[in-house]
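This report concerns only the one structure given below.
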Amino acid sequence: MSILSEFKKFALEGNVVDLAVGFVVGAAFKEIVTSMVNDILTPAILTPALKMAKLTDLSQLVIPGTAIKYGNFLSNIISFIIVAFALFMIVKGINAAKKRDAAAEAAAPAPEPSSTDKLLMEIRDSLKK
């Protein structure tokens, strides 16, 4: 098998295509999550805190006399916690749905054997006697 045909088989079959699709969907989903965190959740959480500190933006939180902007760092920590919690809730929901499906499959009665299977079982039982 030539190198080219091996590469073609590798690139066009199996996990590589699945990985590529997952990457593209993940990149698109990242934009949704980023917008949700930056435009909705973080301002909703931080606006009251900023008003109490008489600030309009977290980047204004700096250590006096330095260039250390700990406000941006706090913003990134809060964003991380929000994203991690949202992903935790999504994974928890998916796992609960999988457990529900598995329990439903386990509780379902076994399918009735076909007439051919019944006949084969009778022959097997007769041969055992």
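Tabulated data for the structure shown
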| item | result |
| --- | --- |
| Shape of segment 20-75, Cα gyration tensor, a/c cut at 1.5 | oblate |
| Over 31 Å between alpha carbons, listed pairs LYS98/LYS128; LYS9/LYS99; LYS30/LYS99; LYS8/LYS98; LYS98/LYS118 | LYS98/LYS128; LYS9/LYS99; LYS8/LYS98; LYS98/LYS118 |
| Straight-distance crosslink candidates among aspartates and glutamates, where the alpha carbon sits under 16 Å from LYS92 and sequence neighbours closer than 8 are dropped | ASP101 |
| Solvent-accessible heavy-atom area per residue, rounded to whole Å², over the chain at 1.4 Å | 84 |
| Per-residue SASA entry for THR56, accessible area with 1.4 Å probe, Å² rounded to 10 | 120 |
| On Cα atoms only, tilt of 3-12 relative to the major axis of the chain in degrees | 80 |
| From phi via Karplus (6.51, -1.76, 1.60), per-residue ³J(HN,Hα) for segment 89-105 in Hz, x at Gly/Pro | 5, 5, 5, 4, x, 5, 5, 5, 5, 5, 5, 4, 5, 5, 5, 5, 5 |
| Under 24 Å from the Cα of LYS54 - lysines, other chains or at least 8 residues apart | LYS69 |
| Spacing of the two label points (7 Å from each Cα toward its C-beta) at ALA20 and LEU127, in nm | 5.0 |
| Where GluC sites (Glu not before Pro) fall in DSSP loop in segment 1-68, at most 12 other Cβ within 10 Å | GLU13 |
| In Hz, Karplus ³J(HN,Hα) per residue of segment 19-30 (6.51, -1.76, 1.60; θ = phi - 60°; x = Gly, Pro) | 5, 5, 5, x, 5, 5, 5, x, 5, 5, 5, 4 |
| Rg(Cα)/(2.2 N^0.38 Å) for the chain, N = residue count | 2.07 |
| Fluctuation leader among ALA44, ALA27, ALA108 - the chain, Gaussian network, Cα springs under 10 angstrom | ALA108 |
| Share of carbon and sulfur in the accessible heavy-atom surface of the chain [1.4 Å probe, %] | 70 |
| Residue-level accessible surface for ILE94, protein heavy atoms, 1.4 Å, Å² | 90 |
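The values are calculated or read from the model by the stated rules, or taken from the named source; none is laboratory data. Remember, it's a predicted structure, so these values are computed and weren't measured experimentally. We place every Cβ from the backbone using ideal geometry, glycine too, and count neighbours over all the protein chains shown. Just so you know, the surface numbers come from the protein's heavy atoms only, side chains and all, with ligands and any DNA or RNA stripped out. Shrake-Rupley method; radii C 1.70, N 1.55, O 1.52, S 1.80 Å.
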